[in-house]
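K.L.:
Structure provided below as structure tokens; questions to follow.
The values are calculated or read from the model by the stated rules, or taken from the named source; none is laboratory data. These figures come from a predicted structure and were not determined experimentally. Cβ atoms come from the backbone with ideal geometry, glycine included; neighbour counts cover every protein chain shown.
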């Protein structure tokens, strides 16, 4: 039983890691008042870029870097349309997802069915003594470096958001941009920055899928992960600390899917689990938001312009 | 010299048309640049798309075939978006409609007379699509759950349910292992214009619905309430317009119409239930752009759905001749939509250019 639990948790963490990267990013985006529904598109572009660069250079880190850059650049399209042109953020984000999914298909067509060679994969770190501990070893000390980076990002991003001047600026821009502007905060700058951070992390999350988790390129491989990220951002109540909980919960469901398959349950019906869970989680989170009156950033999704204060 | 943006309430008609046209052109231009960068000849690509879609009688008829589901879904989405209800899940509602029609055609325990078969299938499809859409409407109105995510999640769920059925219990006995259901009986097949695949009853239905939807929106009390809710939710609340009623109304219509589109696809084109991508190459998503390009005017949707029907047909031709992967056409959709949203600043603001400096 214990062995099973350890095994399940061990599998849930890597499965949840792309979601964690994406959610941490989207939390910053939404905290600054921007809603970016383009996560799915940025993630899948991160996946195809990461894979192709890792494959051609043989260096997984270059792949991750390239994915981060591409994710960031794509997010700037959304930033320009929604911040500078004050366009509808729902539609713009959706368009970005369509664009990303389409472009990834075009870019990835040469890589379908190509496996990533061993040296281009990111593998688990083995820390001498710690990795060999029973239970704790496999549970905490045998993951690949990106898992640890994503976990490290959680307290760092929490600290920046709540304990630094930059964090105060981000939150104030998301709550009340007009006042923040009057206090001398650069509303446009902060919003561009946060949207960019969100794109970078979505790109890295995508690269994790194609370089580490299933080291290959499969068309449409994000399979809705970007949309789960949007739901997790609400579930996390826009706090990086709660993001990790949600991400691993969904990682666990993914593991459960594989575990239940041999029992003769249709894989198609099992595939619906994460999406049904997303709706349930969203219902629970929305209730909590209303009960505790800690809503979404007040200015979320609303464009800001000085003339219309 | 100084350039400023000034807010305006209502853009004149010519500005609206011009804005859409320019956005469309810029999107096509930017994709041409993208093609060029990837080593594909953009002129050849666009020629392929145009000749494939509007260049022959066959192409035109195929464009019309693909315009039918876009028209039905697009009209529904125009109404939902008018109320600022973000139904992103027309694709799933379409699939549920297809599923319900299949059930009526193949598995209904009551023996239907053949004259009643198609009407019952259409009603069942409408209801199935509507129910699939009412779940997010209720969740949004009662619990304030974000409808963008719920409608979209239900697309994935519907896709997997259809997959489950065509690979499992509904898999046809005579289909040689393909993920198809058995063929519908003749009474459950929508007639077509001979020599084409245009299932004209569905097309006529779509055209009638577009006109009705226009009148609903512009000439009735419900339409007025939908528009007020979309323009200013707070004002609607003060005016005593219940959000629940509006959410249920717009989702009943848009989900139901998407379901009807699904019936048209299985009973008009394929004659059977197939795997989800075989029924719809993303009509429900493309319809979002169809509605947006029409600036949410149901009558204009007639035009834009035909345009995008053509783009889909041309995209297929391009895909085959240049050996491009299936999702490529999504790139067009995304780019066009991005330019449309970005270009809307011209509808809401007037560009004022003043000579001399002035603050």
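K.L.:
So which residues in the stretch A:223-255 are within 12 Å of chain B (Cβ to nearest Cβ) and under 12 Å from the mean Cα position of the chain (by Cα), if there are any at all?
P.N.:
Matches in the stretch A:223-255: A:224, A:225, A:226, A:227, A:228, A:229, A:230, A:231, A:232, A:233.
K.L.:
So residue A:268 passes all but one of these: (1) touching a helix residue (DSSP H, G or I) at 6+ places or on another chain (Cβ under 7 Å); (2) within 11 Å of another protein chain (Cβ to nearest Cβ); (3) surrounded by fewer than 19 Cβ atoms within 10 Å (Cβ to Cβ); (4) not in a helix (DSSP H, G or I). Which condition number does it fail?
P.N.:
(4)
K.L.:
Being touching a residue at least 40 places away in the same chain (Cβ under 8 Å), away from chain B (no Cβ under 11 Å) and assigned to a loop (DSSP other than H, G, I, E, B), is that true of even one residue in the stretch A:123-139?
P.N.:
yes
K.L.:
Need the failing condition index for residue A:120 against (1) more than 30 Å from residue A:191 (Cα to Cα); (2) within 14 Å of chain B (Cβ to nearest Cβ); (3) surrounded by 15 or more Cβ atoms within 10 Å (Cβ to Cβ), just the number.
P.N.:
(2)
K.L.:
Now for a different question. Looking at the stretch B:128-150, which of its residues are more than 10 Å from chain A (Cβ to nearest Cβ), under 15 Å from residue B:256 (Cα atoms) and touching a helix residue (DSSP H, G or I) at 6+ places or on another chain (Cβ under 7 Å)?
P.N.:
B:128, B:129, B:130, B:132, B:133, B:134, B:137
K.L.:
Under 7 Å by Cβ, and 6 or more places apart or on different chains, what pairs join a residue from the stretch A:1-13 that is closer than 20 Å to residue A:244 by Cβ with one that is surrounded by 14 or more Cβ atoms within 10 Å (Cβ to Cβ) and at pLDDT below 75?
P.N.:
From residues that are closer than 20 Å to residue A:244 by Cβ, the pairs are A:6/A:138; A:6/A:139; A:9/A:139; A:10/A:138; A:10/A:139.
K.L.:
Still on this structure: Among the residues of the stretch B:23-48, write down those that are in contact with a helix residue (DSSP H, G or I) (Cβ under 9 Å, 6 or more places away or on another chain), farther than 22 Å from residue B:289 by Cβ and assigned to a helix (DSSP H, G or I).
P.N.:
B:36, B:43, B:44
K.L.:
Kindly indicate whether any position in the stretch B:135-148 is over 18 Å from the mean Cα position of the chain (by Cα), closer than 25 Å to residue B:275 by Cβ and surrounded by fewer than 22 Cβ atoms within 10 Å (Cβ to Cβ).
P.N.:
Checked the stretch B:135-148: at least one residue is over 18 Å from the mean Cα position of the chain (by Cα), closer than 25 Å to residue B:275 by Cβ and surrounded by fewer than 22 Cβ atoms within 10 Å (Cβ to Cβ).
K.L.:
So, in the stretch B:77-102, exactly how many residues are within 15 Å of residue B:265 (Cβ to Cβ) and either surrounded by fewer than 24 Cβ atoms within 10 Å (Cβ to Cβ) or more than 14 Å from chain A (Cβ to nearest Cβ) (or both)? Give the derivation first.
P.N.:
Narrowing the stretch B:77-102 to residues within 15 Å of residue B:265 (Cβ to Cβ): B:90-102.
The next check asks that each one be either surrounded by fewer than 24 Cβ atoms within 10 Å (Cβ to Cβ) or more than 14 Å from chain A (Cβ to nearest Cβ) (or both); those that pass are B:93-94, B:97-98, B:100-102.
Final tally of qualifying residues: 7.
K.L.:
Looking at the stretch B:339-351, is at least one residue farther than 24 Å from residue B:45 by Cβ, within 14 Å of chain A (Cβ to nearest Cβ) and under 14 Å from the mean Cα position of the chain (by Cα)?
P.N.:
no
K.L.:
Next up: Within the stretch B:252-293, work out how many residues are under 18 Å from residue B:88 (Cβ atoms) and touching a residue at least 60 places away in the same chain (Cβ under 8 Å).
P.N.:
Going through the stretch B:252-293 one residue at a time, the tally reaches 23.
K.L.:
Within the stretch A:90-122, can you find the residues that are assigned to a loop (DSSP other than H, G, I, E, B) and within 21 Å of the chain's Cα centre (by Cα)?
P.N.:
Selection gives A:121, A:122.
K.L.:
If the requirement is being assigned to a helix (DSSP H, G or I), over 30 Å from residue A:8 (Cβ atoms) and free of Cβ contacts under 8 Å to residues at least 24 places away in the same chain, which of these qualifies: A:162, A:148, A:192?
P.N.:
It is A:162.
K.L.:
Exactly one condition in (1) more than 20 Å from the chain's Cα centre (by Cα); (2) within 14 Å of chain B (Cβ to nearest Cβ); (3) within 28 Å of residue A:104 (Cβ to Cβ) is false for residue A:258; which is it?
P.N.:
Failing condition for residue A:258: (2).
K.L.:
Can you find a residue in the stretch A:300-309 that is at the interface with chain B (Cβ under 10 Å from one of its Cβ atoms), farther than 30 Å from residue A:55 by Cβ, more than 13 Å from the chain's Cα centre (by Cα) and not in a helix (DSSP H, G or I)?
P.N.:
The answer is yes, given that some residue of the stretch A:300-309 is at the interface with chain B (Cβ under 10 Å from one of its Cβ atoms), farther than 30 Å from residue A:55 by Cβ, more than 13 Å from the chain's Cα centre (by Cα) and not in a helix (DSSP H, G or I).
K.L.:
Suppose we filter A:84, A:17, A:23, A:56 for residues that are within 16 Å of the chain's Cα centre (by Cα) and either closer than 30 Å to residue A:304 by Cβ or free of Cβ contacts under 8 Å to residues at least 24 places away in the same chain (or both); which single one remains?
P.N.:
Within the list A:84, A:17, A:23, A:56, the selection yields A:23.
K.L.:
Anything in the stretch A:31-67 that is assigned to a helix (DSSP H, G or I) and surrounded by fewer than 24 Cβ atoms within 10 Å (Cβ to Cβ)? List them, or say none.
P.N.:
If the condition is that a residue be assigned to a helix (DSSP H, G or I) and surrounded by fewer than 24 Cβ atoms within 10 Å (Cβ to Cβ), then A:52, A:55, A:56, A:57, A:61, A:62, A:65, A:66 are the ones that fit.
K.L.:
Go through (1) outside any loop (DSSP other than H, G, I, E, B); (2) crowded, with 23+ Cβ neighbours inside 10 Å; (3) within 14 Å of chain B (Cβ to nearest Cβ) one by one and return the number of the condition residue A:87 breaks.
P.N.:
Result: residue A:87 passes all but (1).
K.L.:
Looking at the stretch B:171-181, is at least one residue within 27 Å of residue B:252 (Cβ to Cβ) and touching a residue at least 12 places away in the same chain (Cβ under 8 Å)?
P.N.:
Checked the stretch B:171-181: no residue is within 27 Å of residue B:252 (Cβ to Cβ) and touching a residue at least 12 places away in the same chain (Cβ under 8 Å).
K.L.:
Please specify each residue of the stretch B:234-275 satisfying the condition of being in contact with a helix residue (DSSP H, G or I) (Cβ under 6 Å, 6 or more places away or on another chain), surrounded by fewer than 24 Cβ atoms within 10 Å (Cβ to Cβ) and closer than 19 Å to residue B:165 by Cβ.
P.N.:
Passing the criteria: only B:275.
K.L.:
What helices (runs of 4 or more DSSP H) lie completely within the stretch B:277-359 and have 2 or more residues being buried (at least 23 other Cβ atoms within 10 Å of the Cβ)? Spell out how you get there, then give the answer.
P.N.:
On the way: elements: B:283-293, B:298-322, B:328-343, B:345-348.
Because the criterion is at least 2 residues that are buried (at least 23 other Cβ atoms within 10 Å of the Cβ), the helices (runs of 4 or more DSSP H) in the stretch B:277-359 that meet it are B:283-293, B:298-322, B:328-343.
K.L.:
Scan the stretch B:182-192 for residues that are in a loop (DSSP other than H, G, I, E, B) and over 24 Å from residue B:62 (Cβ atoms) and report the count.
P.N.:
Total satisfying the criteria: 2.
K.L.:
Just a yes or no: is a residue in the stretch A:203-217 closer than 17 Å to residue A:70 by Cβ, within 14 Å of another protein chain (Cβ to nearest Cβ), over 18 Å from the mean Cα position of the chain (by Cα) and not in a helix (DSSP H, G or I)?
P.N.:
Checked against the condition, which is being closer than 17 Å to residue A:70 by Cβ, within 14 Å of another protein chain (Cβ to nearest Cβ), over 18 Å from the mean Cα position of the chain (by Cα) and not in a helix (DSSP H, G or I), the stretch A:203-217 yields at least one hit.
K.L.:
Considering only the stretch B:165-179, state which residues are part of a loop (DSSP other than H, G, I, E, B) and farther than 15 Å from residue B:103 by Cβ. Before the answer, list the steps.
P.N.:
Kept after step one, since they are part of a loop (DSSP other than H, G, I, E, B), are these residues of the stretch B:165-179: B:168-179.
Matches in the stretch B:165-179: B:173, B:174, B:175, B:176, B:177, B:178, B:179.
K.L.:
Does residue A:184 satisfy the condition of being surrounded by fewer than 20 Cβ atoms within 10 Å (Cβ to Cβ) and at pLDDT below 95?
P.N.:
Criteria met by residue A:184.
K.L.:
Would you say residue A:291 is within 14 Å of chain B (Cβ to nearest Cβ), more than 18 Å from residue A:17 (Cα to Cα) and free of Cβ contacts under 8 Å to residues at least 60 places away in the same chain?
P.N.:
Yes: the conditions hold for residue A:291.
K.L.:
Please determine whether any residue of the stretch A:168-186 is under 30 Å from residue A:112 (Cα atoms), touching a helix residue (DSSP H, G or I) at 6+ places or on another chain (Cβ under 6 Å) and not in a loop (DSSP other than H, G, I, E, B).
P.N.:
no
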